1. Of (1) within 30 Å of E214 (Cα to Cα); (2) surrounded by 24 or more Cβ atoms within 10 Å (Cβ to Cβ); (3) not hydrophobic (A, V, I, L, M, F, W, C), Q565 satisfies all except one. Which?
2. Quickly run through the range 303-344 and pick out the residues that are farther than 30 Å from A634 by Cβ and touching a residue at least 12 places away in the same chain (Cβ under 8 Å).
3. Looking only at residues in the range 21-46 that are within 21 Å of A150 (Cα to Cα) and touching a Pro at 6+ places or on another chain (Cβ under 8 Å), which one is surrounded by the most Cβ atoms within 10 Å (Cβ to Cβ)?
4. Only one of these is under 28 Å from A876 (Cβ atoms) and either of a type in the set (V, I, T) or surrounded by 22 or more Cβ atoms within 10 Å (Cβ to Cβ) (or both): H725, H715, H788. Name it.
5. List pairs: first in the range 885-904 and within 24 Å of L615 (Cα to Cα), second of a type in the set (D, E) and part of a helix (DSSP H, G or I), Cβ under 7 Å, 6+ apart or cross-chain?
6. If I go through the range 538-562 residue by residue, how many of them are touching a Pro at 6+ places or on another chain (Cβ under 9 Å) and in contact (Cβ under 8 Å) with a residue 60 or more places away in the chain?
7. Is it fair to say E10 is under 30 Å from V194 (Cα atoms), acidic (D, E), under 38 Å from the mean Cα position of the chain (by Cα) and modelled with pLDDT under 90?
8. Which of the residues that make up the range 47-64 are touching a residue at least 24 places away in the same chain (Cβ under 8 Å) and surrounded by fewer than 13 Cβ atoms within 10 Å (Cβ to Cβ)?
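The values are calculated or read from the model by the stated rules, or taken from the named source; none is laboratory data. All of these numbers come straight from a predicted model, not from anything done at the bench. Reconstructed Cβ throughout: ideal geometry from the backbone, glycine too, with neighbour counts over all protein chains shown.
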Amino acid sequence: MTDEQLHGRERDLRTVEEILGRARDGHGGALVVTGEAGAGRTALLEAAARGAGTAFCVLGTTGVPGESGVAYAGLHRLLRPLAEQVARLTPAHRDALGTILHGAPRGDSFVLSTAVCELLGRVARDRPVLCWADDVHWLDARSLEVLAFAARRVADERAAVLFAARDGEPDAGALAGVRRLRLGPLAEDAGRRVLRDALGSDLDGSAGGDLIEEIVDLACGRPLAIRELAAALTPGQLSGAAPPPRALPPSSSLRALHRRRYLALPSGARRLVLMAAAEEWLGAATMARAARADGVGDGDLDAARESGLLRFEGDGVAVRDRLVRSSLWADASREERQDAHTLLAGALVQEWQRPRRLWHRAAVAGEPDDRLAAELAGAADAARRAGRYADSWRMWQRSAALTVEHGARTDRYLSAAGDAWASGRSRRARAMLRQVRPRACDGHRAARAAALRGEIDAAAGSPATAVRRLRDAAERLAGTDAQAALDALMWAAEAADAAGDRRAHLEIAERAGTLGLARTGPRTELLLAHLAGVAATIRGRYREAAERLHQAQRLGTDVADPVAQVWAALSALSLGNARRTRALTAAAVASARRAGDVPAESFALVAAGRCEVLLGHPPAPIAACHDGLRLARATHLHGHATEQLATLALTASFNGDEARTRELLEQLTGTADERGLARAGALGSWAPACLDLAADRPADAAARLRLPGGAGLAHPPARLLAVPHLVEALVRTGEHDAAAAAYEHFRRWVDGIGSPPGPEALARRCLALLAGCDGEAEEHFTEALRLHEAGDAVFELARTELLFGHRLRRGRRPRAAREHLRAALRVFERYGAAPWTAQARAELRAAGETAPRAASGFGKLTAQQAQIARMAAEGATNREIAARLLLSPRTIDHHLRNVFTRLGIRSRVELARLIR
């Protein structure tokens, strides 16, 4: 294995490399690498040994279960290559270690431990030493005691000592005092790379994408599990003709480990574990009723608790993770599974538990039963109406499996897929859709399945595939369900925009206009208006675009559908209407949360973050983006997660936070290009240019942004919105003609959409920068500041104040310049924008103010606290602030209390005085 194959372990490798580097310099150290079975501990030790190379003396040993009771067996394996060096030790140490090498260990542990210390020191005089011990949970206790003793005493030697131990094993006492590094689960992108390496070639097409996603999800971030699953794949699974694996193969070492732990339990404890596997999460009351019915005692519960197979959460219990659950369930006999379902069906006695009780009864039945299937379908429908999609999709699935008639069975699988998707379980939705075979069902059902699959693809980060699938589904639906066809086309347009495919977007908008859906309700009219408005924008027909986009944003207040509200918000964004954009995105997030629609909530949060950052409010998107990123990652919506990362990176770059921006871009690197997410990639490409401007590197910023030349921005809307930054960079490098040419397209857009305050302010700033005389520049700067105020774009206002102050200073008007520079400084300090603060201070010094007056004190606050404090100081209530930032009023109250404490104030009145 090469180091490049340790995907997702870059930080862990750096930690190990740091220890090796210090050892070379005579500052030795030790490290215990821990992690779950299969996490890659051995691979990391092997990488360390390769990194040490011939420059180190590398010594190693491995714990072996069969030798764990043999005193000094592990030390014997470690010392064998050093027989000659042992002979040169002091007599007492030579004799102690010599007896180990010759099979008759004598001497107390202290003598042996100090002997090993002397040995390592002697060897390190010639070259550094790397001493590693793998699987120390199986190492004999005496060897571990000696090696740990030595590890704690190598600080002044050219020696590094590495241990690897499995989580939860009883080694803590022996290795106390040694630094620990835990290998957590691999991130999903790293897991996909491990799988591709294991398969030896890329899997192309949607079938390959499904297989990769399913295996990575099943493996729970353990590289060994990924490799074991990959090795057992059949040709049918690789081609997509057979379903993906549902558990580790029978030959798997990890599956065998889980099985051994399970079989070591008393029979009652085993039944408890299987009940937890059958129910996924078992409440304490249900578990107690099942235990009483089955005669399970407290000792069984304690044994199950200590097995490491379960995790206890609040008042309930669940199997530790999907990998363990699937292994235990695959190894259980049919009788064991039915016993678990029977016990649970009897223990779920509450009325609100009826759907789950029905589900377990159906699992016991096993055979088709239309009566029970209908009862389950009724319970599923009731759960759906209540927004309990996590319950309803499982009911639909079991109902479909018990249904005899093919058409009804297909409909129930489609319902299961739709509700699984609404609950945020995209992979379960795909699994349900695989049950809908296009050749075995009518065209309408097949088209519905394709449309849902395309919607999932769009959110999961496969926009090109989504566009093809959704357009095809729309064509098949057009004759029977024009509204469903329009919905499919809307998602196809969203995917095309994410991919930067303007031609596809235009074709989709044109097709939507031929569906004959005019004047069929506000939602339909909103969708058609949004599509037509965006298409007109792409064609450069800005006045026509403004008319349709105004219609869409106006209709946004007449609909309750969160997805339609998002498209209305995006129409408002295209018009530069900050107030309406925020109101619509906040309404969309709230609507999605009330409905329990997870993908809609994620989509709304993506739009909310993107809208805020593009409206010139860098700190504001942080809450929406972090919430959205957590949600997208938890539900495997990789496209949404990538967009949130890109938005956060651009937000951090606007603030000049280079470390945070680089950290986010590192997570984004390769992902956007690999998935064809041009929109996210453009935001990610824009961010370094913003850092260049903040760090006073305008030539570098221009090279990144200008077209042709430089990296450019591959997404046309992002390229248009970045024009003010490009103009600034070009003017600062003396390229006025290029700046004027870049500005012209931006001006046509601003004029076409009606010159709203936000874009018009940026246009005025561009004109001020391009102005040949100071009087003209002052006129444009002054108007830009007024428009920034009207649009509530505080950060852009500060940037304009800085540029205005710079122009005034160069025009030999230092007193007027200082007024604007102080205003910029206050805002930059408030938001913690260090590079911009430094620029403002430098300009103030150049303008003759050697001791800039203190700003508001908001520099003590985090960016989010400063944003909340500013809105509170301006008179917004907690509820209004919460709606703006997509947080709860209680969270806002908590932040404000912290703000008052940090600023040493007691009221909003004092806060308002402080900000003035």
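1. (1) is the only condition that Q565 fails.
2. Narrowing the range 303-344 to residues farther than 30 Å from A634 by Cβ: 303, 333-336, 338-339, 342-343.
If the condition is that a residue be farther than 30 Å from A634 by Cβ and touching a residue at least 12 places away in the same chain (Cβ under 8 Å), then A303, E336, Q338, D339, T342, L343 are the ones that fit.
3. Ranking the candidates gives A23 first.
4. On the way: H725 fails: under 28 Å from A876 (Cβ atoms); H715 fails: under 28 Å from A876 (Cβ atoms).
H788 is the lone residue from the list that is under 28 Å from A876 (Cβ atoms) and either of a type in the set (V, I, T) or surrounded by 22 or more Cβ atoms within 10 Å (Cβ to Cβ) (or both).
5. What qualifies is L886/D627.
6. Of the residues in that region, 1 qualify.
7. When the stated conditions are applied, E10 passes them.
8. Here is the first cut: in the range 47-64, the residues touching a residue at least 24 places away in the same chain (Cβ under 8 Å) are 47-52, 55-64.
Of everything in the range 47-64, those that are touching a residue at least 24 places away in the same chain (Cβ under 8 Å) and surrounded by fewer than 13 Cβ atoms within 10 Å (Cβ to Cβ) turn out to be R50, A55.
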